[in-house]
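Colleague: Got a structure for you, written out below as structure tokens; questions coming shortly.
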Amino acid sequence: RSPGQGIVMNETPGDSRMELSREDITRLKVDAIVNAANPSLLGGGGVDGAIHRAAGPGLLAECRLLNGCPTGEARLTSGHRLAARRIIHTVGPVWRGGRQGEAELLASCYRQCFRLHQEAGLASIAFPALSTGAYGYPREAAASIAIEQATLALRDYPGLVRVIFVCFNEPTWLAYHDRLTGAATR
């Protein structure tokens, strides 16, 4: 049911256009990867820092021109030195107990990413587990929102052919796996 330590695991438990992966998101050869950015878009820790380091200084220069990004919105840049052609930066909500619009803001992140992806004429996209790291969003709830929004996007955007959820650790992978498996049986 779960990937072994150190093993890259790709699995498609439901819709064949949705995949789970334990790969390094900065190395994926997809049309776009999503960056779990902070509002400045100027880099930070976690996924954000890894993407900025791998993409190189050109990404920082391009992000400076964007003047930041509010929570729930997204911005599109070049992939620079990444295997991915484009990077979609989105700012997820900080978890504050679930009563301050966090679910709607997280869903908006996904909707905005899929909208930009579609407008750019891209076919494949890879997401990290938005807001589940330093921002503290509960993994299971975040996975449910991610899969719900991906299901809607796959229905609404015929050009979208592949959605990858990159799960950095086993608890996150299990949360996404359980939600994808549940979504497939409904």
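Colleague: Grab the other residues whose beta carbon is less than 14 angstrom from that of residue 53, score K and R as +1, D and E as -1, and report the net. Don't skip to the answer; put the middle values down first.
Modeller: Working: positive: 27, 81; negative: 24, 48.
Neighbourhood net charge equals 0.
Colleague: Net charge near residue 168: determine it from the other residues with C-beta under 12 Å of the C-beta of residue 168, scoring Lys and Arg +1 and Asp and Glu -1. Provide the component values of the computation, followed by the final result.
Modeller: Details: positive: 22, 139; negative: 23, 24, 170.
Every neighbour counted, the sum reads -1.
Colleague: Could I ask something else about it? Given H placed on each backbone N at 1.01 Å, which residues far from residue 35 in sequence or on other chains put an amide H within less than 5 Å of it?
Modeller: 88, 89, 90
Colleague: Turning to a different aspect of this structure: Sum -39500 (n - 2.57) across every DSSP H segment of at least 4 residues in the chain, then divide by the residue count to get the 222 nm mean residue ellipticity, nearest 500. Before the final figure, lay out each step's value.
Modeller: On the way: 5 runs with 69 residues, N = 186.
When only DSSP H runs of four or more count, the value is -12000 deg cm²/dmol.
Colleague: If you don't mind, another one. Where both residues lie in the chain, what percent of DSSP beta bridges are antiparallel, nearest 5?
Modeller: Numbers: 6 of 22 bridges.
DSSP beta bridges in the chain are roughly 25 percent antiparallel.
Colleague: Still on this structure, I have one more. In Å², and per residue, what accessible area does the chain have when probed at 1.4 Å with the other protein chains present? Write out the running numbers ahead of the final one.
Modeller: Details: 8610 Å² over 186 residues.
Spelled out: the 1.4 Å probe surface of the chain, per residue, equals 46 Å².
Colleague: Starting from the Cα-Cα distance between residue 60 and residue 17, subtract it from 0.36 nm times their residue separation and give me the gain in nm to one decimal. Numbers along the way, then the final one.
Modeller: Values: separation 43, 0.36 × 43 = 15.48 nm, distance 3.15 nm.
Difference between extended and current length: 12.3 nm.
Colleague: Also: Each residue of segment 120-131 in order: what ³J(HN,Hα) in whole Hz does its phi give by Karplus 6.51 cos²θ - 1.76 cosθ + 1.60, θ = phi - 60°, with x for Gly and Pro?
Modeller: Listing the rounded values in order: 7, x, 9, 10, 10, 8, 10, 10, x, 7, 3, 6 Hz.
Colleague: Let me ask you something else. Gap in Å between the Cα centre of segment 99-113 and the Cα centre of segment 36-59?
Modeller: 21 Å
Colleague: May I ask you to rank 152, 130 by accessible area, largest first, using a 1.4 Å probe over the protein chains only? Before the final figure, lay out the partial values.
Modeller: Values: 152 60, 130 0 Å².
Sorted by accessible area, descending: 152, 130.
Colleague: While we're on this one: For segment 45-172, which whole-number percentage of the solvent-accessible area (1.4 Å probe, protein heavy atoms only) is attributable to carbon and sulfur atoms?
Modeller: Working: 2970 of 5690 Å².
Here carbon and sulfur together make up 52 percent of the probe-accessible area.
Colleague: Mind pulling the per residue volume of the convex hull built on the Cα atoms of the chain? Å³ is fine. The partial results should precede the final answer.
Modeller: Details: hull volume 19.5 nm³, N = 186.
Here the figure is 105 Å³ per residue.
Colleague: Separation between the residue 29 and residue 170 pseudo-spin-labels, each 7 Å from Cα along Cα→Cβ, expressed in nm?
Modeller: A separation of 3.0 nm, rounded to one decimal place.
Colleague: Under 8 Å for C-alpha pairs, at least 6 residues apart: give me the relative contact order for the chain, rounded to a whole percent. Walk me through the intermediate numbers first.
Modeller: Values: 369 pairs, mean separation 50.7, N = 186.
Result for the chain is 27 percent.
Colleague: At 0.36 nm per residue, minus the direct Cα-Cα distance, what do residue 181 and residue 119 gain on full extension? Give it in nm, one decimal, please. Let's see the in-between values first.
Modeller: Details: separation 62, 0.36 × 62 = 22.32 nm, distance 2.95 nm.
Fully extending the segment from residue 181 to residue 119 adds 19.4 nm.
The values are calculated or read from the model by the stated rules, or taken from the named source; none is laboratory data. Computed from a prediction, not measured in an experiment: that's the story for all the values here. A quick note on method: Cβ atoms are made from the backbone with ideal geometry, for glycine too, and the neighbour counts reach across all protein chains shown. Note: areas computed on protein heavy atoms with side chains; ligands, DNA, RNA excluded. Shrake-Rupley method; radii C 1.70, N 1.55, O 1.52, S 1.80 Å.
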